[in-house]
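Colleague: After the structure tokens below, expect a handful of questions from me.
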Number of protein chains: 2
Amino acid sequence: MANIVAVDIGGTQIRAALFTSNNTTPIHHKRTATHADGEDPFERLVAVIESVLPAEPVDVISVAAPGPLDPQNGVIFSTPNIPGWIEFPLVAKLEERLRIPTCLGNDANLAALGEWRYGAGQGHHDLLYLTISTGIGGGVIVKDQLLLGARGLAGELGHITVLPDGPLCSCGQRGHLEAVASGPAIAAYVNEQLAAGRPSILKPGPLTGRQVAEAAQQGDALAREAFIRAGEFLGQAVADFLHMFNPSIVILGGGVSQSGSLFIETLKESTRRHVMDAGFLKDLIITTAQLGDNAGLIGALVQGQLKLERPSL
Amino acid sequence: MANIVAVDIGGTQIRAALFTSNNTTPIHHKRTATHADGEDPFERLVAVIESVLPAEPVDVISVAAPGPLDPQNGVIFSTPNIPGWIEFPLVAKLEERLRIPTCLGNDANLAALGEWRYGAGQGHHDLLYLTISTGIGGGVIVKDQLLLGARGLAGELGHITVLPDGPLCSCGQRGHLEAVASGPAIAAYVNEQLAAGRPSILKPGPLTGRQVAEAAQQGDALAREAFIRAGEFLGQAVADFLHMFNPSIVILGGGVSQSGSLFIETLKESTRRHVMDAGFLKDLIITTAQLGDNAGLIGALVQGQLKLERPSL
């Protein structure tokens, strides 16, 4: 019976959980704030992992982290909200400290693995996962394997250009999907329209995607338009992804995907309208994710399982 | 020693060649027109294959064909220039007639395989191939395997949206890469500008990409602008592809890729400018294809070799 410690490093909290074999209910599960006064986030990470370690040996520690990283070599290039982790050899440092084989993956990539094995994507061999929240991330499964690419950077689905010369993206480019359809992008569009004098129950100022979603559910025309606009762009991008990857399922995760049927139906309708050939829609499922907030943690579990099942990869 | 018959079905000619083992110089090589008065193209196909069959048994016939097709089941959904081939079970029909195991692939997909094993992509495990001519097709190699997707339709790289509401694409959608950067798209842009009164050594009327390329080489400002415009859009799309697939090499095939350094350099510079993170450019090669007109035939050879090497796939 294998022991796997799965870890999900977020900007505000770090979660660690001990799993045995293929059981997705953890034996132990702990969380801690990523940051605390004057403390090194790496030490906080080690402490929360140690707090779930059993007496018996652990086979693998599997870590999910945001941001560009190198899964082959276990190096985080940079990660939002932990400014000190630049070219940070996380796997080597954890292995040196804890003496347990460790692996690392991009959290959106791993969420795709989680949905593939335990969520909405079970039974699918070619899967596309898109998480739409503060940013837009993704993961692609090709023939039951996570698409990593030459340097482990593949699957950055939020960074496809959908509107050349459009709004500035977090990555510094313009008009990416993330810049027009993430939560902040939806809120920014509403603010822009409010500034232009459009009527709405929403008031100008700091706005979240969730507030816009609530206004849309109350029938606010501007809020509804903002979600329709985002859904339109997402459908255009999803059609492009279908042409490239031809998956049998597209799974939508992240908070914005929970914004109600207006958003999802617009996205589906836009996808159908933008597809080049009906063949891409045949037997295609477009659905929402099932793992919710646990996507990163369960994804890390699956990465750990695969590490033990397919040691050569 | 394996005998492989490779076949490349084009709109104007069908080529068939007999290869032995891993030798890329064919033992026999024949071509025939795809169409002749009142003759069935399938019979013309069978005849040209029979003309290269040796006395000894053949292990596999491997066919490259354009257009949407199902490589798993060997069915051509539809193919340009052969109007009768709709949902055409080519593999079953050839196997019934010739009693030789047969396989089928999309010609741009197979050209990617050809470049991977025998062309510019040798030694690369994650490769992206883009053919830019009358249309824009593509093929993606992921971890030494051709990306096919759930129904064998993956790799339609010409059908990524680069200019929403842009020019009409051959597929019926708007603003796809093919609609702004293929040979006919470059010629159409020049004609549009000529109609608006722009000076040029080119004259309004039926124009080809090649004529525009020649004018560009003579320094014609409008022709140069047309290639720069196409190269800009291609760079935007290639950056998107890098974010999705993170290949170690991008190979450019097709006639338009031979249009000179202005086009290729604009494309490379535009790619660099549109990429979200320098990590995607590290050790990346962007280069032209090596197999030229033989890409489809050599690609079919490689598909045949793989069929024998990896029978389970």
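Laboratory data are not the source of any read-out in this text; all were calculated from the coordinates shown. Computed from a predicted model, the values in this text were never measured in an experiment. Note that each Cβ is placed from the backbone with ideal geometry, even for glycine, and that neighbours are counted across all protein chains shown.
Colleague: With the label 7 angstrom out along Cα to Cβ, how close does A:Pro311 come to the same site in each of the other copies, in nm, nearest first?
Modeller: 3.0
Colleague: Please work out the FRET efficiency for the pair A:Ile100 and B:Leu168, using the Cβ-Cβ distance as r and a Förster radius of 35 Å; give the result to the nearest 0.05. Could you put the intermediate results ahead of the total?
Modeller: On the way: r = 58 Å, r/R0 = 1.65.
Working from the Cβ atoms, E equals 0.05.
Colleague: Go ahead and set up a Gaussian network model of chain A, Cα springs under 10 Å, then flag whichever of A:Ala289, A:Ala215, A:Ala226 fluctuates most.
Modeller: In this elastic network of chain A, the residue with the biggest mean-square fluctuation among A:Ala289, A:Ala215, A:Ala226 is A:Ala215.
Colleague: Moving to a separate point now. HN-Hα J couplings of the stretch B:182-188 from phi, Karplus 6.51/-1.76/1.60, θ = phi - 60°, integer Hz, Gly and Pro as x?
Modeller: For the stretch B:182-188, the Karplus curve yields 6, x, x, 5, 5, 5, 5 Hz.
Colleague: Okay, next question. I want to check the label-to-label distance for B:Glu87 and A:Gln122. Put each point 7 Å from Cα in the C-beta direction and report it in nm to one decimal.
Modeller: Once both label points are built, they end up 3.4 nm from each other.
Colleague: Could you work out how far apart the two model spin labels at B:Ala36 and B:Arg210 are, taking each label as a point 7 Å from the Cα in the direction of the beta carbon, and quote it in nm?
Modeller: Each label point lies 7 Å from its Cα, and together they span 2.5 nm.
Colleague: Okay, next question. Output the relative contact order of the stretch A:215-313, whole-number percent, from Cα pairs under 8 angstrom with separation of 6+ residues.
Modeller: Working: 87 pairs, mean separation 31.1, N = 99.
In percent, rounded to a whole number, it is 31.
Colleague: Here is a follow-up. Taking the DSSP beta bridges in chain A as the whole, what percent of them are antiparallel, to the nearest 5?
Modeller: Numbers: 26 of 45 bridges.
So the antiparallel bridges in chain A amount to around 60 percent.
Colleague: Which whole-angstrom value gives the distance between the alpha carbon centres of the stretch A:23-38 and the stretch A:217-237?
Modeller: First find each Cα centre; the distance between them is then 36 Å.
Colleague: Report for the protein assembly as shown the percent antiparallel among DSSP-assigned beta bridges with both residues inside it, nearest 5. Let's see the in-between values first.
Modeller: Working: 52 of 90 bridges.
Percent antiparallel among DSSP bridges in the protein assembly as shown is about 60.
Colleague: Can you tell me the relative contact order of chain B? Whole percent, Cα pairs under 8 Å, sequence separation 6 or more. Show your work: numbers first, answer last.
Modeller: Details: 663 pairs, mean separation 57.1, N = 313.
Taking the mean separation of contacting Cα pairs over the length of chain B, I get 18 percent.
Colleague: For a quick check: with amide H placed at 1.01 Å from N, whose amide H comes under 5 Å from A:Ala2's, ignoring anything fewer than 5 positions away on the same chain?
Modeller: Hits under the 5 Å cutoff: A:Ser21.
Colleague: If you don't mind, there's one more thing I want to ask. For A:160-169, what's the mean count of beta carbons from other chains sitting within 10 Å of each residue's beta carbon? Let's see the in-between values first.
Modeller: Numbers: counts 9, 12, 4, 3, 10, 0, 1, 0, 0, 1.
Taking the mean over all residues of the peptide, I get 4.
Colleague: Output ³J(HN,Hα) for the stretch B:17-24: one whole-Hz value per residue in order, computed from phi by the Karplus curve 6.51 cos²θ - 1.76 cosθ + 1.60 with θ = phi - 60°, and x for Gly and Pro.
Modeller: With the stated coefficients, the stretch B:17-24 comes to 8, 9, 10, 10, 6, 9, 7, 8 Hz.
Colleague: Only sites in a loop by DSSP and with at most 16 other Cβ atoms within 10 Å count here; which trypsin sites (Lys or Arg not before Pro) in the stretch B:224-313 make the cut?
Modeller: Numbers: sites: B:Arg224, B:Arg229, B:Lys268, B:Arg272, B:Arg273, B:Lys282, B:Lys307; in loops: B:Lys282.
Hits after loop and neighbour filter: B:Lys282.
Colleague: Compute the relative contact order of the stretch B:123-289 as a whole-number percentage, counting only Cα pairs closer than 8 Å that sit 6 or more residues apart in sequence.
Modeller: Numbers: 303 pairs, mean separation 38.3, N = 167.
RCO, the stretch B:123-289: 23 percent.
Colleague: If one computes the Cα centroid of the stretch A:158-181 and of the stretch A:261-289, what distance in Å separates the two points?
Modeller: 21
Colleague: How long are the semi-axes of the equivalent ellipsoid of the stretch A:122-289, taking √(5λ) for every eigenvalue λ of the Cα gyration tensor, in whole Å from largest down? Present the calculation step by step, with values, prior to reporting the outcome.
Modeller: Details: eigenvalues 160, 58, 36 Å².
Output for the stretch A:122-289: semi-axes of 28, 17, 14 Å.
Colleague: Could you give the dipole magnitude of chain A about its Cα centre, charging the beta-carbon of Lys and Arg +1 and that of Asp and Glu -1, in debye to the nearest 20?
Modeller: Numbers: 22 positive and 31 negative charges, 65 e Å.
In total the dipole reaches around 320 debye.
Colleague: Which ordering of B:Glu265, B:Glu214 is given by a fewest-first count of other beta-carbon atoms within 10 Å? It would help to have the intermediate numbers written out before the result.
Modeller: Working: B:Glu265 12, B:Glu214 16.
Ranking B:Glu265, B:Glu214 by Cβ neighbours within 10 Å, fewest first, gives B:Glu265, B:Glu214.
Colleague: Inter-copy label distances at A:Leu262, 7 Å along the Cα→beta-carbon direction, one decimal in nm, shortest first?
Modeller: 5.0
Colleague: In addition: Once phi is turned into θ = phi - 60°, what whole-Hz ³J(HN,Hα) does the Karplus curve with 6.51, -1.76 and 1.60 give for every residue of the stretch A:154-170, x standing for Gly and Pro?
Modeller: Along the stretch A:154-170, the couplings run 5, x, 7, 5, x, 10, 9, 6, 10, 8, x, 6, x, x, 5, 8, 4 Hz.
Colleague: Count of lysine pairs in the protein assembly as shown with Cα atoms under 23 Å apart, counting only pairs 8 or more residues apart in sequence or on different chains?
Modeller: 15
Colleague: Are there any GluC sites (Glu not before Pro) in the stretch A:82-150 that are in a DSSP loop and have at most 14 other Cβ atoms within 10 Å? List them by number.
Modeller: On the way: sites: A:Glu87, A:Glu95, A:Glu96, A:Glu115; in loops: A:Glu87.
Of the GluC sites (Glu not before Pro), the ones in loops of the stretch A:82-150 whose Cβ has at most 14 other Cβ atoms within 10 Å are A:Glu87.
Colleague: Enumerate the amide H contacts of B:Ser78 below 5 Å, restricted to partners 5 or more residues apart or on another chain; note that Pro and chain-start residues carry no placed amide H.
Modeller: Excluding prolines and chain starts, which carry no amide H, the hits are B:Glu87.
Colleague: According to the Kirkwood expression over distinct Cα-Cα pairs, how big is the hydrodynamic radius of chain B, in Å?
Modeller: Working: mean 1/r = 0.0496 Å⁻¹.
Result for chain B, one decimal place: 20.2 Å.
Colleague: By counting other Cβ atoms within 10 Å of each Cβ, how are A:Thr102, B:Thr25 ranked from fewest to most?
Modeller: Working: A:Thr102 25, B:Thr25 8.
Ascending number of Cβ neighbours within 10 Å: B:Thr25, A:Thr102.
Colleague: Please list, in chain and number order, the residues 5+ apart from A:Gly10 or on another chain whose amide H is under 5 Å from its amide H, with Hs placed from the backbone.
Modeller: It is A:Arg15, by chain and number.
Colleague: What's the average, rounded to a whole number, of partner chain beta-carbon atoms within 10 Å of each residue's beta-carbon in A:125-134?
Modeller: Values: counts 2, 6, 1, 1, 0, 0, 0, 0, 0, 0.
Average neighbour count from other chains, rounded to a whole number: 1.
Colleague: Ranking B:His176, B:His159, A:His124 by Cβ neighbours within 10 Å, fewest first, what do you get?
Modeller: Ranking B:His176, B:His159, A:His124 by Cβ neighbours within 10 Å, fewest first, gives A:His124, B:His159, B:His176.
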